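S.K.: Below is the structure I would like to discuss, written out as structure tokens.
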Amino acid sequence: MPLLIDGHNLIGKLGDMSLSDPNDERKLIARVRAYADRTGKRIAIIFDPAPFEQHARLIPSKSQHGPNLSVVFSDAGVKADTVIRERVAATKDRQGLIVVTSDQAVAMFTRQCGVKVQSSEMFGKAMRDVLQEHHTPLEKPRMSMADAMAWADVFKEPPVTTPPAPPVVIEQPKPKLPPAEEKRLRRMEQLRKQTSRQTKLR
């Protein structure tokens, strides 16, 4: 039985995810994919338009994640609610479809079309139970090689530079004076000391 999930509505009902997280869509996709792999259910997640240009590059507007999970970002200016209503209205086998949402307007329209509705809270609990039963860790979003290289370039460390070593100063030995010159210098030093003592005594 296929599931049609109101993506951002479900994120808002999961206690460990936040709509303010820039990676919230990727985290939800990873978790729902693990659930789809365990249950074999065919699932489509419908998101509101990607709010940032970066998201549009990282996650295409329509993409397939494994054999049972497809992801759709609605076009700019079009809400996910509108896409869900259009898909429900266009579905021929309405008895074989379940819409996951806690949006009252979308739920009412879905029921009026004869399609079953499961609240985001109930689906979130059921998904967690299945993953815990199969000992599946709640996956973190995987980073592509291109993303990793881009971040590595942003946080690239500056090259390590070694400061130049201080110059080595070699003291030259004082030239040795002739004996007569050394004697003269000693005599002059003695006279200077004698003169200094006499000056102090006066």
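S.K.: Search the structure for amide H atoms under 5 Å from the amide H of Val100, placed 1.01 Å from N in the peptide plane, and list their residues when 5 or more places away or on another chain.
M.R.: Under 5 Å from the amide H of Val100: Leu4, Ile5, Asp6, Gln118.
S.K.: Another question, then. Can you work out the Karplus-derived ³J(HN,Hα) for every residue in segment 121-130? Use 6.51 cos²θ - 1.76 cosθ + 1.60 with θ = phi - 60°, whole Hz, and x for glycine or proline.
M.R.: My calculation for segment 121-130 gives 4, 5, 5, x, 5, 4, 5, 5, 4, 5 Hz in order.
S.K.: While we're looking at this one, here's another question. At q = 0.14, 0.15, 0.22 Å⁻¹, what base-10 log of I(q)/I(0) does the Debye formula yield for segment 3-141 when every alpha carbon is treated as an equal point scatterer in vacuo?
M.R.: For segment 3-141 at q = 0.14, 0.15, 0.22 Å⁻¹, log10 I(q)/I(0) is -0.61, -0.70, -1.55.
S.K.: May I ask you to compute the full-extension gain from Arg38 to Gln194, defined as 0.36 nm times their residue separation minus their alpha-carbon distance, rounded to one decimal in nm?
M.R.: Details: separation 156, 0.36 × 156 = 56.16 nm, distance 10.83 nm.
Working it through step by step, the gained length comes to 45.3 nm.
S.K.: Turning to a different aspect of this structure: Sorted from fewest to most neighbouring beta carbons within 10 Å, what does the list Arg87, Arg186, Arg94 look like?
M.R.: On the way: Arg87 16, Arg186 10, Arg94 13.
Ranked by crowding around the Cβ, least crowded first: Arg186, Arg94, Arg87.
S.K.: Now for a different question. Looking at the square roots a ≥ b ≥ c of the eigenvalues of the Cα gyration tensor of segment 1-42, which shape do they give, rounded for a/c under 1.5, prolate if a/b is larger than b/c, or oblate? Could the numbers behind the result be given before it?
M.R.: Working: a/c = 2.53, a/b = 1.83, b/c = 1.39.
Prolate shape, in that a/c is at least 1.5 and a/b is the bigger ratio.
S.K.: Then there's this: Calculate the dipole size of segment 3-141 relative to its Cα centre from +1 charges on Lys and Arg beta carbons and -1 charges on Asp and Glu beta carbons; express the result in debye to the nearest 20. The partial results should precede the final answer.
M.R.: Values: 20 positive and 17 negative charges, 88 e Å.
I would put it at about 420 debye.
S.K.: Enumerate the calculated ³J(HN,Hα) couplings along segment 112-118 in order (Karplus 6.51 cos²θ - 1.76 cosθ + 1.60, θ = phi - 60°), each rounded to whole Hz, writing x wherever the residue is Gly or Pro.
M.R.: 4, 7, x, 10, 6, 10, 10
S.K.: Follow-up question, since we're still on this one. In what order do Thr110, Thr195 fall by count of nearby beta-carbon atoms within 10 Å, going from fewest to most?
M.R.: Numbers: Thr110 24, Thr195 10.
By the 10 Å Cβ count, ascending: Thr195, Thr110.
Quick note: the coordinates plus some simple rules give every number you see, no bench work behind them. Quick caveat: nothing in here was measured; it's all calculated off a predicted structure. Using ideal geometry, Cβ is built from the backbone for each residue, glycine included, and neighbour counts are taken over all protein chains shown.
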